[in-house]
Amino acid sequence: MPSNHCYHCELPIYSTVKWYATINGVARPMCCLGCKSVAEIIAAGGFQTYYKNRTQATDTANEITDQLIQELRLYDRPDQQQSFVRKITKNNNNQLEANLLIQGISCAACVWLLENHLKTIDGIANVNISLSSHKAQIVWNSEVIKLSDIMRQVYYIGYKCKPWDPDQQYNIQFHEQRNFTKRLAVAGIGAMQVMMFAIAIYAGDFSSDLSTKYLSIFNYINVLFTTPVVFYSASPFFASAARAIKNSTINMDVSISLAIIFAYSSSLWTVLINHSPPRVDVYFDSICMFVFFLLSGRFLELKARYFMYRSSETLTDLLPKSCMKWHNGKFIQVAITDLQPNDLIRIAPGEIIPADGILISATCSVNEAIISGESLPVTKHINDKLLCASINTEQTIQMRVTKKSSNSEIAKALQLVNSAEQVKPKIANLATTIAKWFTSAVLLIATTVFLYRYFYADNALYIMLSVLVVTCPCALSLAIPVAITATTGNLNRLGLLITKSHVVESLNLVDTIVFDKTGTLTTGNLKLTNIQPIANTNADYCLKLAVSLEECYDHQIARAFKQQLNNSNDIFTVTARKNFVGNGIAGTINNNYYRLGTVNFASSNSKLEHPTTDGQWVLLTENNIPICWFNFADSLRPETKNVIKALKGINKQIIILSGDHLNPVTKLAKELGINHFYAQKNPEQKLEIVKKLQQNKRKVLMVGDGINDVPVLSVADVSLAMGCVANLNTSSADAILIKNNLVAVVHALYLAKKNHTITFENLLWAGCYNICVLPLAIMGMIAPWMAAIGMTLSSLLVITNSLRLINKKFPNLSDKQHGKS
Amino acid sequence: MESLDILIPIAMIIVVIAITILLWAINNGQFDDLESPSETILFDDTKDKQD
């Protein structure tokens, strides 16, 4: 383990420390120039306490490039500012207010740092940053400073920002939350008021010296304050109950609504019509408290949902902000939101394609890994379709836009994720069923109790109400969905996007994990594994020649070659270098003509055979004579070994299921210590193998990386796709690892187990509570207000218990894990 | 008990005012972020300015 950690981003520094920043007089190690400059700016501003107060480390800082500055300049244009900037007309003439989304905020110290740093800048009048939504409201004087300069300041201290661009779902949730807060406020204040007068009535009842005049005044006042609580605050319960009855079902809201309506109307009748009230029949205080506590429970649930939604937002950040568009005879930089179908745009090598379109320049190669999972670049010819979010790998290309990014294939795939979140899990539906039967039973019991009490005893209404209130199976129905919501939110932040909500529960049942090899256990990136000189040539010399040829390119093979390069001065000068896309490179070194690439390209002798069938072979020829073979193969993901070890530690059977040749699969299985592996299987055979496992009563988790795994992913009990969004189109995968890190698999299993425990605790508590309290209510030993407090507290307990899952930490993988848990 | 005839209306008016203020504050976004203000207020006290 490295002894040095970056003081700013807290990541380990593996090589010797090259950068230091002085903070509070101590030179602290820094991992990169980006972190160093950020730390120095923080120290220079006197904000060192940030490091002391923060509870989470920040992201590694990025260096600020000219391109970034250019992109930020775009936001100075009034047409760009339209959507997120408004003029403050009230006092000052040139004050503007912008809403920005700040990325990289992890705790309250970040908010403090950002606010205080920005406030020290001339021209900025006010800054207000919300920790929960990461939204910054900045007021500035447009004569003193430009918006792009303000945004640059955000980048200077290590954060990123972009215009606040809420989508429709965000707006709905935002208003839902505000409305809910209002309902809660009205119910809370209403409950306090009504309780105040109710206590006066109770006290008067106790000392029996309250005059009838004041008794009826107090009652009238309570009617006044309870009415908005019932009709405004409690309206969500009525709406939900009405929906349920319309669909001819009963849910817990039906029971809640009935309790409220019965209590309210009977109390109202007592006060308004039956003028000599028997005191116990007035329930205004219970109604208000009941509504207030129920709303607090729902509010927490709403917050968890809201939080979950926010944590899955980062996917949209994939796309670039701007691109070069052909306009009036030259290319100008425009925001990608401005792109329209038929626009002509230019994309430099290494850039992300910002929209769907058609290639109109010469043959090129693009990396569509994010869409298809295929890790090798794909060659595209003129008039071929280019997909939004794929990466242009080799040369500058031109394309004609066919669909804007918001309508592109990838955007459609992303929308599926959102709709998938709405699907209710099977087992949660079970809870609703339990609640339904329970409610029917309670209604039946309540009616029986009422009839019995009415004819043979007293206090009929009173007892029936308390039965209704006390047994409302609220906690029971909350027990499962809230826990799942919290777990899903937690997993989303880890980069595991759940698209079908049965996943969390099913994961806990999994006992067999099937991995695909290429792109799943391995990175899918090539690595130079073997050099075979032909005849008497020197291997090192051949490598040097090859590296020199590839030196200025940036495709997979070039990168693999350049990894071998220790000293950048140690290469030959190449003249007349030419790149043949998809084939190879030709060039002249020391008056010898070299070709490096596929066999057919490098050599005119088409009968030449690859030395073996493993991996990918590249041939180097000198003046058309073959001199050396290079072999490239996939490399293991850095985390794979630990992940497999951890999975074995929790007694899961691991199987490799690959379409690759037997040799590399055997080698990999041996390296990882996996006994069960299958090689050279086509998609149908893979399907059969998994089906057979399932016939043997195994619950299978399949982890695959795309196209060829689609059928097998759809049959597995739970399926995980590696960072390939397009799989959503076929909806075969249940979850997606957007961060492409296998560690999330272990974490997901761990969290699923915790989720199971917590759900069980919840159900146990809710069930016991209801069963214990029902007889007491029937016997009339529980007053309506006691019932209201009791059941609401039990709901709150269930919700708080579930919310523990949101921030659940995981055992560290690098520590040796022998755990059963 | 005559004082109650004045105090009750006053109490009711105060409640109406309180609800109005609260609703105004919610609409104004004061309740949108319930996490950071409670923590950020502590930081300024410990800030050690050097320049």
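Considering (1) closer than 22 Å to A:Gln395 by Cβ; (2) modelled with pLDDT of 85 or more, the lone condition that A:Gly350 does not fulfil carries the number (2). Among the numbered conditions (1) at the interface with chain A (Cβ under 10 Å from one of its Cβ atoms); (2) exposed (fewer than 14 other Cβ atoms within 10 Å of the Cβ); (3) modelled with pLDDT of 70 or more; (4) over 21 Å from A:Gln177 (Cβ atoms), tell me where B:Met1 comes up short. Every condition holds for B:Met1 apart from (3).
Has region A:138-146 got any residue that is free of Cβ contacts under 8 Å to residues at least 40 places away in the same chain, within 14 Å of chain B (Cβ to nearest Cβ) and at negative phi? So that I can check it myself, show each step before the final result.
First, the residues of region A:138-146 that are free of Cβ contacts under 8 Å to residues at least 40 places away in the same chain: A:144-145.
Subsequent filtering for residues that are within 14 Å of chain B (Cβ to nearest Cβ) retains none.
Checking region A:138-146: not a single residue is free of Cβ contacts under 8 Å to residues at least 40 places away in the same chain, within 14 Å of chain B (Cβ to nearest Cβ) and at negative phi.
Out of all the residues in region A:752-772, which are within 27 Å of the chain's Cα centre (by Cα) and either of a type in the set (Asp, Glu) or surrounded by fewer than 17 Cβ atoms within 10 Å (Cβ to Cβ) (or both)? Result: A:Lys753, A:Thr757, A:Phe760, A:Glu761.
A:Leu131 fulfils the conditions (1) closer than 21 Å to A:Arg77 by Cα; (2) surrounded by 21 or more Cβ atoms within 10 Å (Cβ to Cβ); (3) within 10 Å of chain B (Cβ to nearest Cβ) except for a single criterion, (1).
Being assigned to a helix (DSSP H, G or I), crowded, with 21+ Cβ neighbours inside 10 Å and under 35 Å from the mean Cα position of the chain (by Cα) is a condition met by no residue of region A:599-610. Take the residues of region A:38-48 that are touching a residue at least 60 places away in the same chain (Cβ under 8 Å), crowded, with 20+ Cβ neighbours inside 10 Å and part of a helix (DSSP H, G or I): which is farthest from the other protein chains (Cβ to nearest Cβ)? So, considering only residues that are touching a residue at least 60 places away in the same chain (Cβ under 8 Å), crowded, with 20+ Cβ neighbours inside 10 Å and part of a helix (DSSP H, G or I), the one farthest from the other protein chains (Cβ to nearest Cβ) is A:Val38.
State which residue is surrounded by the fewest Cβ atoms within 10 Å (Cβ to Cβ) when the search covers only region B:21-35 and only residues that are in a loop (DSSP other than H, G, I, E, B) and more than 11 Å from the chain's Cα centre (by Cα).
So, considering only residues that are in a loop (DSSP other than H, G, I, E, B) and more than 11 Å from the chain's Cα centre (by Cα), the one surrounded by the fewest Cβ atoms within 10 Å (Cβ to Cβ) is B:Asn28.
A single entry from A:Asp209, A:Asp253 fulfils the requirement of being of a type in the set (Asp, Glu) and within 35 Å of the chain's Cα centre (by Cα): A:Asp253. Taken over region A:375-404, residues that are at pLDDT below 75 and surrounded by 20 or more Cβ atoms within 10 Å (Cβ to Cβ) amount to 4.
Can you find a residue that is within 24 Å of A:Lys686 (Cβ to Cβ), more than 28 Å from the chain's Cα centre (by Cα) and assigned to a helix (DSSP H, G or I) anywhere in region A:640-649? Taking every residue of region A:640-649 in turn, none turns out to be within 24 Å of A:Lys686 (Cβ to Cβ), more than 28 Å from the chain's Cα centre (by Cα) and assigned to a helix (DSSP H, G or I). Just checking, how many residues over region A:155-196 are without any contact (Cβ under 8 Å) to a residue 24 or more places away in the chain, more than 9 Å from chain B (Cβ to nearest Cβ) and among the aliphatic types (A, V, I, L, M)? Here the count works out to 1. Applying a threshold of 7 Å to beta carbon distances and a minimum spacing of six or more residues, or different chains, the list of pairs starting in region A:104-128 at a residue that is away from chain B (no Cβ under 11 Å) and among the β-branched types (Val, Ile, Thr) and ending at one that is crowded, with 18+ Cβ neighbours inside 10 Å and not in a helix (DSSP H, G or I) reads A:Ile124/A:Ile138; A:Ile124/A:Trp140; A:Val127/A:Ala136; A:Val127/A:Ile138. Would a scan of region A:202-220 turn up a residue that is closer than 30 Å to A:Phe299 by Cα and without any contact (Cβ under 8 Å) to a residue 40 or more places away in the chain? Checked region A:202-220: no residue is closer than 30 Å to A:Phe299 by Cα and without any contact (Cβ under 8 Å) to a residue 40 or more places away in the chain. Of all the residues that make up region A:637-694, how many are at pLDDT 85 or above, touching an Asp or Glu at 6+ places or on another chain (Cβ under 7 Å) and closer than 26 Å to A:Thr612 by Cα? Total meeting the criteria: 1. Within region A:197-235, the set of residues being under 30 Å from A:Gln177 (Cβ atoms), buried (at least 17 other Cβ atoms within 10 Å of the Cβ) and away from every other protein chain (no Cβ under 13 Å) comprises A:Val230, A:Ala234. Among the residues making up region A:321-348, those that are part of a loop (DSSP other than H, G, I, E, B) and surrounded by 16 or more Cβ atoms within 10 Å (Cβ to Cβ) are A:Lys321, A:Leu339, A:Asp343.
The values are calculated or read from the model by the stated rules, or taken from the named source; none is laboratory data. The model shown is predicted, which means the values in this text are computed figures rather than measured ones. Heads up, the Cβs are rebuilt from the backbone with ideal geometry, glycines too, and the neighbour counts pull from every protein chain shown.
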